[in-house]
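Colleague: First, the structure itself, so that you have it in front of you.
Bear in mind that the values in this text are calculations on the coordinates, not laboratory data. Bear in mind the structure is a predicted one, so any value in this text is a computation, not a measurement. Positions of Cβ are backbone-derived with ideal geometry, glycine not excepted, and every protein chain shown enters the neighbour counts.
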Amino acid sequence: MINILFAAPPEQFELYAAPLRQSLAQRGIQANVTMDYPPADIDYVVYSPSSTLQDFTPYTRCKAVLSLWAGVEKIVGNESLTQPLCRMVDSGLRQGMVEWVVGHTLRYHLGIDQHIINPDRSWREIHPPLARDRPVTILGLGALGQACAVALTALNFPVSGWSRRSKHIHGITCHHGSDGLQAALQSAEILILLLPDTPETEHVINAQTLMQMPRGATIINPGRGPLIDDAALLSALEQGHISAACLDVFRVEPLPQDHPYWQLPNVTVTPHIASGTRPATAAEVLVENIVRGENGAPFLHLVDRTAGY
Ligand code: NAP
């Protein structure tokens, strides 16, 4: 019998307990799934950053900490966490992100807002270009960025991407490293941010990189708030260099009521809902790693503590 601590708010336990127990049973693992157990007896911790658990020192038997979130910036620097840390890669989370990103990309590509918000009832017969003439760039070609790139390519958008290490993905123009960023940005009529929040990615979108984008470009950020230098983006929006932005994540969440983003008609604020981990599919991923831990096999989706993601 193994002991799994569910270190997350109680309302999440209600959503995850049944799928977790079901997946464990299907894989033939006998386990207690609990929110409260003596730390020294815990074999695995399923972890949400909104948990109160911050000191991992007493979890002496724990073989791995399994994050419910894809982004691990709130836990990766925790010095008491010496156990392997795995991030969440979940097909439900991925599909949700693809749908959200494709939806907002099509919205900007087709100019949908101009018809929804049309107080003058003006009759503008301007046909949007075809997707094949609308270059899109995705910063971050990981589990989520790559899935969005593939979906947008299937709609005929010419997609470029940028990652830390070199990549070859069929149908996508791949750039990497600091040298590749400018090339990735210069064609970006629609820019999508799916990078993790690390010291290296902070303010990747700043006054200088914004000017490397074509005039009138739009930005969609479901990645993390600190990727953007907010003052620089506000200035680029006011000058019209960036025509619109849809922002799902912020340095401070909830976004304070008096934040200038709320005031601008060309900024859409969404409350960190681009995609969420889905209990049914996530439970299978968590249990796969528990099976691996029990068999001494390498864990999936291990966080690189030096790179920070
Ligand atoms: P991932 O698989 O770890 O991919 C991260 C990507 O970013 C990789 O392609 C990586 O390059 C690239 N990258 C990291 N540091 C870089 C740097 N310094 N320069 C250039 N590229 C860099 O992560 P994911 O699962 O796709 O998730 C991405 C992020 O989405 C998460 O970290 C989280 O912040 C965010 N997210 C948001 C929501 C939401 O609802 N808003 C939901 C889930 C996730 P390599 O490929 O070379 O490693």
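Colleague: For the chain, modelled as a Gaussian network with Cα springs under 10 Å, which listed residue fluctuates most, Ile117, Ile205, Ile75?
Modeller: Of the options given, Ile117 has the highest mean-square fluctuation.
Colleague: Can you sort Arg87, Arg61, Arg124 so the residue with the fewest Cβ neighbours within 10 Å comes first?
Modeller: Arg124, Arg61, Arg87
Colleague: For the chain, with a Gaussian network of springs between Cα atoms less than 10 Å apart, report the residue from Ile190, Ile169, Ile42 with the top mean-square fluctuation.
Modeller: Ile169
Colleague: First select every other residue whose beta carbon is under 13 angstrom from the beta carbon of Arg305; then total the charges, Lys and Arg +1, Asp and Glu -1.
Modeller: Net charge around Arg305: -2.
Colleague: Sort Ser160, Ser187, Ser178 by Cβ crowding within 10 Å, fewest neighbours at the top.
Modeller: Lowest count first: Ser178, Ser187, Ser160.
Colleague: Next up: Sort Leu81, Leu130 so the one with the fewest other Cβ atoms within 10 Å of its own Cβ comes first.
Modeller: Leu130, Leu81
Colleague: Could I ask something else about it? When the chain is modelled as a GNM with alpha-carbon springs shorter than 10 Å, which of Asp43, Asp120, Asp248 fluctuates the most?
Modeller: Result: Asp120 has the largest fluctuation of those listed.
Colleague: Using every Cα-Cα pair within the chain, state what percent have a distance larger than 35 Å.
Modeller: Value for the chain (Cα pairs over 35 Å): 27 percent.
Colleague: Among DSSP bridges having both ends in the stretch 92-269, what percentage is antiparallel? Round to the nearest 5. List each step's numbers first, then the result.
Modeller: Details: 1 of 25 bridges.
Of all bridge pairs located within the stretch 92-269, approximately 5 percent are antiparallel.
Colleague: Which is farthest toward the positive dipole end of the chain among Ala184, Ala154, Gly71, measuring Cα position about the Cα centre, with Cβ charges +1 (Lys, Arg) and -1 (Asp, Glu)?
Modeller: Going by the charge dipole, the pick is Ala154.
Colleague: Follow-up question, since we're still on this one. Could you tell me how far the Cα centroid of the stretch 183-240 sits from the Cα centroid of the stretch 124-166, in Å?
Modeller: 15
Colleague: What list of ³J(HN,Hα) couplings, whole Hz, do you get for the stretch 22-39 from phi and the Karplus terms 6.51, -1.76, 1.60, once you set θ to phi - 60° and write x for glycine and proline?
Modeller: Each residue of the stretch 22-39 in turn: 5, 5, 4, 4, 4, 8, x, 9, 8, 8, 8, 10, 9, 9, 8, 7, x, x Hz.
Colleague: Under a Cβ-only charge scheme (Lys and Arg +1, Asp and Glu -1), can you give me the dipole magnitude of the chain about the Cα centre, in debye to the nearest 20?
Modeller: Dipole magnitude for the chain comes out near 760 debye.
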